[in-house]
Amino acid sequence: MVWRESSADPEFGPWLAGASILIVDDEPGMRNFLVKLLRPRCKRIEEAANAKEATRKVEEHPFDVVILDNIMPGQNGLDWLAEQRASGFFADIILMTAYADLETAIGALRAGAVDFIIKPFRSNQLLNAISRCLDRARLQRENDVLRHELHSPGHQSFLRDRLVGSSRAIQSVRDTVAKVAPLPTSVLLTGMSGTGKEVVARSLHSLSSRAGKLFVPINCGAIPADMIESELFGHLKGAFTSAGRAREGLFMHAHGGTIFLDEIGDLPFLLQSKLLRVLEDRRVRPVGSEREVPFDARFIFATNADLARRVDEGSFRADLYFRINVVQIALPPLKERGDDVLELASMFMREFSRQLGMPPVAIDERARTALRRYDWPGNIRELRNLIERAVILGAFPAVLGNSLERHETRGEDGRQTLADVERRHILAVLRETGGDREEAARRLGISRKTIDRKCASWNV
């Protein structure tokens, strides 16, 4: 094995430097040549002299690319390739052969090779082929992650937000993030919806050694129960009725990077045991496969639920709870952050003014007082949406006053409970969307399942 931290090759791009590559060839001279070629350019190089040894290697470690010779004693490259694809091996495979015939090329593509190189070849031919594989895989994974985010009710994340504020509460969060980010430790983020849990998760990722890799956010409550295992672990072709092709799961997409499992409390109970095994072994089994595939990713979890109570109720596994609750960071609600609301409002005002090409609306003393007094049941997300509407309408005082006064009704004792505030807010958003619960869930940043459960409890 060759393991090397290398800098990006200026000719072939930055992705080659982080690549993990397996060379499978029975000729020692060819393996030595390829190791010398790739050693200065890649992070990890391993060798195998035959198909049996290659199988053992891919079961032990994840690889980005496999360079595979076709003619070998025992099992040949094409047969090994077809066998690996059938068992859930998704890494890109480049087939090498000294016999350049059309039948072999077609067979290689049908078996699942992504490129075909004829021996003898020039160094640049192979390096270009590897770079194409890495670029294609990166773009495919980024597109899959983006597609998943855009179809999630909580996709309106705070990508541009920072951990803004001067309050002691948010300063404590920043201090903890700075300490924990460089560590491989799993983190559990808790707090009400809209308090910025994804902002913290992205901060943990960007301040870690995995910052150059993908950050994959997954809302456990947004994926249909019958699809979540396939989305997370991947599946083989024909694993179920609509599986027309094999597909890598989101966990494998995050290889080398960070997985953010939001609303972990909504993960179906039957999948919780499988997730526990993944966390302990760092291996996933695609749906329809009998084989587990290794991967390497950091996990960050988030919930607005009381997981300890759910453990007591029997809806969340105790062993999973203790496994994910290694380091907990509690996000304070906006109403407990004092003048942070004014700093956040000013930041949103600048950003939306710039994005929309419209003049900012002045935050006068009346508005500042209203911002401080309001309970903010929707937290930072609600503040962000309110500032966006103010910039669009160009009438911040009126929008702010109407929005806050509409929610500031009180009970007979002059106080309102958090449950009352939550109910009024959710129902107000439902009215704004004409009863469209999917759209309301998107605006609120919660799952459709949560809205259904709340409405049922209110007999709505």
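Here is how the numbers come out for the structure above:
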read-out	value
Residue match in the range 123-131 (condition: at pLDDT below 85 and β-branched (Val, Ile, Thr))	no
Matching residues, the range 79-121, being of a type in the set (S, T, N, Q) and buried (at least 21 other Cβ atoms within 10 Å of the Cβ)	Gln84
Residue among Asp306, Asp266, Asp312, Asp281 that is under 27 Å from Arg168 (Cα atoms) and not polar (S, T, N, Q)	Asp306
Ser346 more than 28 Å from the chain's Cα centre (by Cα) and either under 21 Å from Glu198 (Cα atoms) or buried (at least 18 other Cβ atoms within 10 Å of the Cβ) (or both)	yes
Residue pairs meeting the criteria (Cβ under 8 Å; at least 6 apart or on separate chains; first hydroxyl-bearing (Ser, Thr, Tyr), in the range 373-385; second part of a loop (DSSP other than H, G, I, E, B))	Tyr374/Glu408
Single residue of Ala201, Ala225, Ala178 found to be out of contact with any helix residue (DSSP H, G or I) (no Cβ under 6 Å at 6 or more places or on another chain) and either assigned to a loop (DSSP other than H, G, I, E, B) or over 28 Å from Lys43 (Cβ atoms) (or both)	Ala225
The range 120-145, subset without any contact (Cβ under 8 Å) to a residue 60 or more places away in the chain and of a type in the set (D, E, K, R), residue nearest to Ile71 (Cα to Cα)	Arg122
Among (1) of a type in the set (A, V, I, L, M, F, W, C); (2) under 21 Å from Glu290 (Cα atoms); (3) at pLDDT 90 or above - the single one Phe89 does not satisfy	(3)
Glu248, sole failed condition from (1) surrounded by 22 or more Cβ atoms within 10 Å (Cβ to Cβ); (2) under 23 Å from Phe322 (Cα atoms)	(2)
Meets criteria (in the same structural domain as Arg350 (by TED's automatic domain parsing), modelled with pLDDT under 80 and surrounded by 15 or more Cβ atoms within 10 Å (Cβ to Cβ)) for Val429	no
Leading residue by the ranking (modelled with the lowest pLDDT) among those in the range 379-415 that are within 15 Å of Asp340 (Cα to Cα) and either β-branched (Val, Ile, Thr) or outside any helix (DSSP H, G or I) (or both)	Ile387
Qualifying residues in the range 269-327 (those that are part of a helix (DSSP H, G or I) and touching a Gly at 6+ places or on another chain (Cβ under 8 Å)) - the one nearest to Lys57 (Cα to Cα)	Leu307
Test for Gly256: is it under 24 Å from Phe301 (Cβ atoms) and part of a helix (DSSP H, G or I)	no
Within the range 80-108, considering residues that are in a helix (DSSP H, G or I) and within 22 Å of His61 (Cα to Cα), the one farthest from the chain's Cα centre (by Cα)	Trp80
Residues that are in contact with a Phe, Trp or Tyr (Cβ under 6 Å, 6 or more places away or on another chain) and surrounded by 21 or more Cβ atoms within 10 Å (Cβ to Cβ), drawn from the range 308-324	Ile324
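Matching residues to (1) closer than 27 Å to Arg136 by Cβ; (2) within 11 Å of the chain's Cα centre (by Cα); (3) not aromatic (Phe, Trp, Tyr):
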| residue | (1), (2), (3) |
| --- | --- |
| Gly256 | yes, no, yes |
| Gly265 | no, no, yes |
| Leu275 | no, no, yes |
| Gly288 | yes, no, yes |
| Glu292 | yes, no, yes |
| Ile300 | no, yes, yes |
| Leu307 | no, no, yes |
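A quick yes/no check of all residues on (1) in contact with a strand residue (DSSP E or B) (Cβ under 8 Å, 6 or more places away or on another chain); (2) within 17 Å of Leu331 (Cα to Cα); (3) among the polar types (S, T, N, Q); (4) modelled with pLDDT under 95:
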residue	(1), (2), (3), (4)
Asp135	yes, no, no, yes
Val145	yes, no, no, yes
Arg160	no, no, no, yes
Ala178	no, yes, no, yes
Pro184	yes, no, no, yes
Gly196	no, yes, no, yes
Ser208	yes, no, yes, yes
Ile218	yes, no, no, yes
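The values are calculated or read from the model by the stated rules, or taken from the named source; none is laboratory data. Here the structure is a predicted model, which is why all the values come from computation and not from measurement. Positions of Cβ are generated from backbone atoms using ideal geometry, with glycine treated the same way; all protein chains shown enter the neighbour counts.
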